[in-house]
Amino acid sequence: MRAIAALKARRITARAGRRPYLEANHTFIKGQGWHLAEHFPHHEMAVIVLRRDSDKVAESLLRTRTVPGKTPWARMWYLRPGQRKNLAEPGAGASDLELCHWYVDEIERRTHAFATRFPDITRVEVAIEELNDAGFVHDLFERRLGLPVDARELGRRIGHGKDPAHAAFAPVPDLTDLPALRDPDALPPDAQENLRRDILSCLETMIRDEPAKPRLSFIGGWHHTLMPAIIHALTSQERELAKRFGVALPQTAFEMDFMFWALMRLRPRDPVALLYGRDEHGHYAPLTANATPWASLRLLLRNALFRRG
């Protein structure tokens, strides 16, 4: 992490020079930020802490299938229980929701520890709802952070609302009254493939009746994608699917893989589908996440030219 932070600091300096540099990245407090502080004068740094009701954050993590230490997306991006530098740990046998609450608490503890260790780094706390208020953001940048503000550009960029893909997730259903449900991740590959096809046949009409929605993608700009329709169709029907097929889908790798598998079959050149491929474990992953620009371009071109669903 120290080596990565040193590389990042060099790139920030080369890119920004003496101009302001802003990055909205949740990995800052989880690792890189502690070492970036070794490369810049502390009086020139500022950390904006986004505030949201902790119960809502935990419930959002659960709803969007990012349970720390458990689900594929959480393992890719989030801290997990048992890591050596954790400041707290969840209780033994913690439920999925309790794991999400632990994560919120762990981030809060790290935020306070960072402020204690680096008292000369400016810290500004912001309620997440305030970021949709142009007047508030103008005051935040100009008065509290001392940065120049283009009011017209600022007004153009803020207040776009929620990511439709995140908003499409339905709450996790209660399946405790359904006996002997199988874990789809434990099924052999051929059985998983058959299950995916059976589920898609149940949901295809529902998915196609949902309009494609604009989503801000990794490749820049808002693009119409079928992904929110797939997410909503699957997560809103998981109790019925459990009854029909005898499997518990929520918070499994199968659940996430199905979303991308279905997208690539229904719309193989969807702007979201172009950014994903199967990794060495057979799971769908954003292969551009840590790639060089050339590797990312190769992936985009390969998917666009050769993917047939």
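The values are calculated or read from the model by the stated rules, or taken from the named source; none is laboratory data. Keep in mind it's a predicted model, so treat the numbers as computed, not measured. Glycine also receives a Cβ, built like all others from the backbone with ideal geometry; neighbour counts cover every protein chain displayed.
Side notes on the structure shown:
- Meets criteria (touching a helix residue (DSSP H, G or I) at 6+ places or on another chain (Cβ under 9 Å), assigned to a helix (DSSP H, G or I) and at pLDDT 70 or above) for residue 234: yes
- Checking each residue in region 54-67 for being assigned to a helix (DSSP H, G or I) and either surrounded by 20 or more Cβ atoms within 10 Å (Cβ to Cβ) or touching a helix residue (DSSP H, G or I) at 6+ places or on another chain (Cβ under 9 Å) (or both) picks out 54, 55, 57, 58, 59, 60, 61, 62, 63.
- Candidate set from region 21-49 (those that are surrounded by fewer than 14 Cβ atoms within 10 Å (Cβ to Cβ) and aliphatic (A, V, I, L, M)); member that is modelled with the lowest pLDDT: 24
- Here residue 16 meets the list (1) surrounded by 14 or more Cβ atoms within 10 Å (Cβ to Cβ); (2) closer than 25 Å to residue 149 by Cα; (3) hydrophobic (A, V, I, L, M, F, W, C) almost entirely, failing just condition (1).
- Scanning region 175-197 for residues that are loosely packed, with under 15 Cβ neighbours inside 10 Å, assigned to a loop (DSSP other than H, G, I, E, B) and touching a residue at least 12 places away in the same chain (Cβ under 8 Å) returns 178, 180, 183.
- When region 68-114 is filtered for residues that are in a helix (DSSP H, G or I), over 18 Å from the mean Cα position of the chain (by Cα) and touching a residue at least 12 places away in the same chain (Cβ under 8 Å), the ones remaining, listed by number, are 105, 108, 109, 110, 111, 113, 114.
- Unmet criterion (only one of (1) of a type outside the set (Gly, Ala, Ser); (2) at pLDDT 90 or above; (3) out of contact with any helix residue (DSSP H, G or I) (no Cβ under 6 Å at 6 or more places or on another chain)) for residue 136: (3)
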